[in-house]
């Protein structure tokens, strides 16, 4: 009874809300996985494996929840080094699917890159909280950027572009939360947007005009702003390098499929087309649990993880997807509420970083399933099948629970 009181009645209202939201998402995910599993009660089915990982993740959640926030803060560098080394282990093992992302434990695989996300956030939060009085200085951005680049570079060489992007995603929100100048942050992201915009002349021209207006709006010497503006424009010349040397062949193909799915409908565009078909066939209330043709007949690939939202849309329709999106909205809102209420600077920074990770996964996965973004192997938090990512979600939940005590 004491244990139950500790985690439910003893928690603040935000944590109770958070646990209810997470429980609802997990339940929705398990119902969906049961529906698409050929033999749900088999130990090898996605449903049973997910159930096992949830139980194991709960066990890890309760253990991590006993660790003091100060212990995490003081040992953040060691946590990062350990996670970085763990993420390097796959390079010395036999590749899985021609990549070095996983460590094979026989019965299951783990993807250590998932846990490097948390370790990177904790170390950046420590640096920003220790230099709280210096956040208005431009040089404060270099160490967080360097930490994120180091982590992203390691993961990118596995190769795993999706995880590398997600590792970098929390950096700007964390620095904005810390009080770093908005113009400084804009200078960081402008070259990246310029390189991507250079892939299309019209988009590049629109971005050039928009960037010119933004540079004029900020304070500072006019000559300096003009020089920085043209320096950003010229970074567009790096697009051929980005396309030919930075991206792998299959990553380039995903961008091509995203721009024109009809080029190879039975090949590289198959995932997107089947996903959109499944979503469209669901209608308002769906075809019913276990009745989806695209999912039950296995036309939709990777439906238990990357495209599980497409399964929900086909079987439960717009109504089911609306419920899931509302739960995701409440999840992000609750996490932000906890960050706002936190009286500890380090804790609030970590929670903002962790929230950014979950939001990035939700945004990219949702956009991917309806063809608004290229296909990336990024699962949906607490819903998609996947042991490594489910464990990461519970680690995030335990850290938020721990830090919300402040």
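Candidates in region 82-101 are the residues that are free of Cβ contacts under 8 Å to residues at least 40 places away in the same chain and either surrounded by 20 or more Cβ atoms within 10 Å (Cβ to Cβ) or in contact with a strand residue (DSSP E or B) (Cβ under 9 Å, 6 or more places away or on another chain) (or both); of these, the one that is nearest to residue 346 (Cα to Cα) is 83. Please tell me if residue 15 is over 18 Å from residue 387 (Cα atoms), over 21 Å from the mean Cα position of the chain (by Cα), in a helix (DSSP H, G or I) and at pLDDT 90 or above. Spelling it out, it is not the case that residue 15 is over 18 Å from residue 387 (Cα atoms), over 21 Å from the mean Cα position of the chain (by Cα), in a helix (DSSP H, G or I) and at pLDDT 90 or above. A single member of 121, 226, 167 is more than 27 Å from residue 373 (Cα to Cα) and part of a helix (DSSP H, G or I), and it is 226.
Put simply, of 247, 238, 259, 284 the only residue that is at pLDDT below 75 and loosely packed, with under 13 Cβ neighbours inside 10 Å is 259. Out of the residues in region 396-406 that are crowded, with 19+ Cβ neighbours inside 10 Å and more than 14 Å from the chain's Cα centre (by Cα), state the one that is modelled with the lowest pLDDT. Ranking the qualifying residues of region 396-406, first place goes to 404.
Within region 373-389, the set of residues being assigned to a helix (DSSP H, G or I) and farther than 18 Å from residue 32 by Cα comprises just one member, 388. Of everything in region 63-81 that is surrounded by 14 or more Cβ atoms within 10 Å (Cβ to Cβ) and assigned to a helix (DSSP H, G or I), the residue that is nearest to the chain's Cα centre (by Cα) is 80. Counting only helices (runs of 4 or more DSSP H) that sit wholly inside region 263-372, those with at least 1 residues that are under 20 Å from the mean Cα position of the chain (by Cα) and touching a residue at least 12 places away in the same chain (Cβ under 8 Å) are 270-282, 308-341, 345-369. State yes or no: is residue 330 over 24 Å from residue 54 (Cα atoms) and surrounded by fewer than 20 Cβ atoms within 10 Å (Cβ to Cβ)? No. Tallying residues that are surrounded by 19 or more Cβ atoms within 10 Å (Cβ to Cβ) and assigned to a loop (DSSP other than H, G, I, E, B) within region 170-186 yields 2. Could you tell me whether residue 145 is in contact (Cβ under 8 Å) with a residue 40 or more places away in the chain and buried (at least 21 other Cβ atoms within 10 Å of the Cβ)? No: the conditions fail for residue 145.
Name the one entry in 293, 310 that is within 15 Å of residue 32 (Cα to Cα) and surrounded by fewer than 20 Cβ atoms within 10 Å (Cβ to Cβ).
293
The values are calculated or read from the model by the stated rules, or taken from the named source; none is laboratory data. Since the structure is predicted, the reported quantities are computational estimates derived from the model, not experimental observations. Cβ sites come from the backbone with ideal geometry, for glycine too, and all protein chains shown count toward neighbours.
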